[in-house]
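Some notes on the structure that comes next.
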2 protein chains.
Amino acid sequence: MDVNILLFDNFETLDVFGPVEILGSVKEYDLHYYSQNGGEIVSAQNATILTKNITSASRDGILVVPGGKGTRVLINDLSFINLLKEYAEQARYCLSICTGSALLAKTGLLDCKKATSNKKAFEWVRSINSHVNWIRRARWVADGKFYTSSGVSAGMDMTLGFIKDRFNRQYAEEIATHIEYIWNSDCTADLFGQLGNY
Amino acid sequence: MDVNILLFDNFETLDVFGPVEILGSVKEYDLHYYSQNGGEIVSAQNATILTKNITSASRDGILVVPGGKGTRVLINDLSFINLLKEYAEQARYCLSICTGSALLAKTGLLDCKKATSNKKAFEWVRSINSHVNWIRRARWVADGKFYTSSGVSAGMDMTLGFIKDRFNRQYAEEIATHIEYIWNSDCTADLFGQLGNY
């Protein structure tokens, strides 16, 4: 299955490359890096990544949507939001990290679904769409094909949870051990759930 | 201060972008991505990163050396090892993640110093240079200007430890909280220290 990672300028680096490290361990998954127009994308931590145009992506893969400063611009970019809606709607699964869930919420696809986001940006994310059932205290939330995580590092815990759901717990634990990661495997345990706004 | 990240083909993605997420939070640090010849570098998880030629890097910055499959080739590439030796010797600080310490050990710069590495590749790394004081049970090890971490995810804990040593514990904890990362702050606590070889 294709893992289609949708990048944009000022995406948060670890939002992408934490989950990528885990998804890249799965033999059945092929990782691809896309953006709205293809070409060079620069992360918030100054890493330049080469991407292909999203129109060349398969439609029924796993779509990964990071967060970061770039979301504050894209939330008002209707051509991007419409593109995201099209691909997220058709994706087999859709994983967002941090404020990536704000972009997904804007598409309307999370309406009446449970979701979470970065705790310091939580009020902003919630303001984007009040029809989403926002869960503040969660490391990550799964609702149907949509997985949304809390801030940055929580994306790794969510992705291991996604692997557990698709395969089994032992496989997720093997991947965590291989990368010497201490998996916070309880999606309801959220040390950061009481943090305020930016 | 410049953070000079030395990439090579088949580097382990999270070895780089975990520490980058943390170092990128420090206002005093500027992140730069280099390689031996500049240009496109492809990680083990299929991410293509644009790099500059290492010869354009500042000499007295923080050098970051990842691990990954690519180290198995580079360990026998004397032109790379000599280049690494030159830059690591002149760097103000040198941080390696996972099997990046095998490359540093090969330069001789870790001789008589304490260091650690990935636990599943530990015997291989130790075989590279027996004059290093290899510490098996450690999340990371600091010896003078050299910081070496265990496998992949341990690089994040080490980098927060590096920030604690350069600034203070509160600052490291603030960065961890900002990225919702649960910092394993005890460098001697190593859940993975008993793992065998690949």
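Miscellaneous remarks
- Matching entry among B:Pro66, B:Pro19 (being at the interface with chain A (Cβ under 10 Å from one of its Cβ atoms) and closer than 24 Å to A:Leu50 by Cβ): B:Pro19
Yes/no matrix, rows are residues, columns are (1) surrounded by 23 or more Cβ atoms within 10 Å (Cβ to Cβ); (2) under 23 Å from B:Trp140 (Cβ atoms):
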position	(1), (2)
B:Asp9	no, no
B:Leu14	yes, yes
B:Gly18	yes, yes
B:Val26	no, yes
B:Gly38	no, no
B:Val42	no, no
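- Counting only residues that are over 20 Å from A:Ala172 (Cβ atoms) and more than 7 Å from chain B (Cβ to nearest Cβ), region A:6-16 holds 7 of them.
- Consider region B:173-194 and keep the residues that are touching a residue at least 40 places away in the same chain (Cβ under 8 Å) and of a type in the set (Val, Ile, Thr). The one that is nearest to the other protein chains (Cβ to nearest Cβ) is B:Ile179.
- Looking only at region A:157-169, residues that are over 14 Å from A:Pro66 (Cβ atoms), within 14 Å of chain B (Cβ to nearest Cβ) and touching a helix residue (DSSP H, G or I) at 6+ places or on another chain (Cβ under 7 Å) come to 1 in all.
- Considering residues of region B:63-90 that are crowded, with 24+ Cβ neighbours inside 10 Å and touching a strand residue (DSSP E or B) at 6+ places or on another chain (Cβ under 8 Å) only, the residue farthest from B:Ala47 (Cα to Cα): B:Leu84
- Of the criteria (1) within 14 Å of chain A (Cβ to nearest Cβ); (2) under 21 Å from B:Gly18 (Cβ atoms), which one B:Tyr93 fails: (1)
- Selection from region A:91-128 of residues that are out of contact with any strand residue (DSSP E or B) (no Cβ under 8 Å at 6 or more places or on another chain) and free of Cβ contacts under 8 Å to residues at least 24 places away in the same chain: A:Gly108, A:Asp111, A:Ser127
- Tally of residues being touching a residue at least 12 places away in the same chain (Cβ under 8 Å) and not in a loop (DSSP other than H, G, I, E, B) across region B:29-67: 20
- Residues of region A:149-176 that turn out to be surrounded by fewer than 20 Cβ atoms within 10 Å (Cβ to Cβ) and modelled with pLDDT under 95, as a count: 0
- Residue in region A:143-154 that is free of Cβ contacts under 8 Å to residues at least 40 places away in the same chain and within 30 Å of B:Met158 (Cβ to Cβ) present: no
- Qualifying residue in region A:147-156 (condition: more than 11 Å from chain B (Cβ to nearest Cβ) and not small (Gly, Ala, Ser)): yes
- The residues listed here are A:Tyr33, A:Tyr29; of these, the one that is modelled with pLDDT of 95 or more and more than 8 Å from chain B (Cβ to nearest Cβ) is A:Tyr29.
- When we screen A:Tyr181, A:Tyr198 for residues that are of a type outside the set (A, V, I, L, M, F, W, C), at pLDDT below 95 and assigned to a loop (DSSP other than H, G, I, E, B), the only hit is A:Tyr198.
The values are calculated or read from the model by the stated rules, or taken from the named source; none is laboratory data. The structure displayed is predicted, hence computed values, not measured ones. Note: ideal-geometry Cβ built from the backbone for every residue, glycine included; neighbour counts use all protein chains shown.
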